[in-house]
1. Given the conditions (1) surrounded by fewer than 22 Cβ atoms within 10 Å (Cβ to Cβ); (2) closer than 23 Å to ASP156 by Cα; (3) in contact (Cβ under 8 Å) with a residue 40 or more places away in the chain, report the number of the one that ARG97 does not fulfil.
2. Starting from segment 132-152, take each residue that is part of a loop (DSSP other than H, G, I, E, B) and crowded, with 16+ Cβ neighbours inside 10 Å and list its partners that are small (Gly, Ala, Ser) and at pLDDT 95 or above, counting only C-beta distances under 7 angstrom and pairs at least six apart or across chains.
3. Please indicate, with yes or no, whether at least one residue in segment 157-179 is surrounded by 14 or more Cβ atoms within 10 Å (Cβ to Cβ), touching an Asp or Glu at 6+ places or on another chain (Cβ under 8 Å) and in a loop (DSSP other than H, G, I, E, B).
4. Among the listed residues GLY98, GLY88, GLY122, identify the single one that is over 20 Å from ALA14 (Cα atoms), at pLDDT below 95 and small (Gly, Ala, Ser).
Amino acid sequence: MRSLSPSEDIPISALQHWLFCPRQYALIHIERVWAENVFTAEGRVLHERSDAGQPESRPGIRILRSVEIHSARHGLHGVADVVELRGGRPYPVEYKRGKPKTHRADEVQLCAQALCLEEMFGCKIEEGALFYGTPRRRTKVAIDADLRDLTVACADEIRACRAAQALPEPVYDKVRCDRCSLFDLCRPRLGRRRRGVAEWLARALDQVEAPQ
C-alpha cells in the first residue's frame, strides 16, 4: 500500500463522526460548523481530565497521556487519550462519555489509534480499551481483521465524500438525531419531509403515466 500524502490525511475523530452519521462528519469537518450541548460538554470534560496530568509509571506499565499519533500508510492523524506502554508495546485507551454503544463508531476510533501506533512502534496491536464514563470501567476491544477492515473502509468513504464535494442528505433517526448538538444546523426532519414529498410526486406521476 502506498503512503498517502499529508493533504489526504484524515483526523481520527472524523472516522467516529462518519460512522455515527455521515452528515455530522461533513458538517464538522467540511462545513466547519459546531455547536455544543450537555452531551458534548460532558465528553469534553471527560477528555480534558484524561488528557491532564503527567506521564506516570506503575509496575510494568508506563502511562502516556494526550499522545500525538500518525500513520502515513493509512493517512490518519490525531491524539490518543492514553497510551499504556506494557513492556514497551503500546496499548491504546480511549475515553468516552456515557456507556457502550450499539454501533461501532467508538471501536473504529480506537482501531485507528492502534493502526497509527503499530506504524510508530513497529509492532502488532491485538487489543485496546474503551473507558466509558457511566459504568466507569473499561471495555476491552479486539483489534481484529473485521474491525480493521471497517476502519479502513470508513477512511475510504470519507475520501470519496471529500472528492464529491457534496453534503450528505439528512436522515432522521430519533435516538441519534435528538441528542446531536448539530440538530438545529442539520434540520434532519426537513430532509424526511422532502423525501416524503418526492415520493408522493413520484407515485402521482406513475399513476398519470400508467396505461389506462
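1. Single failed check for ARG97: (2).
2. Matching pairs, first to second residue: ILE143/ALA114; ILE143/GLY128.
3. Looking for residues that are surrounded by 14 or more Cβ atoms within 10 Å (Cβ to Cβ), touching an Asp or Glu at 6+ places or on another chain (Cβ under 8 Å) and in a loop (DSSP other than H, G, I, E, B), one finds at least one in segment 157-179, hence yes.
4. Details: GLY98 fails: over 20 Å from ALA14 (Cα atoms); GLY122 fails: at pLDDT below 95.
The match here is GLY88.
The values are calculated or read from the model by the stated rules, or taken from the named source; none is laboratory data. Nothing here was measured: the structure is a model prediction, and the numbers come from that model. As a convention, Cβ positions derive from the backbone with ideal geometry for all residues, glycine included, and neighbour counts pool all protein chains shown.
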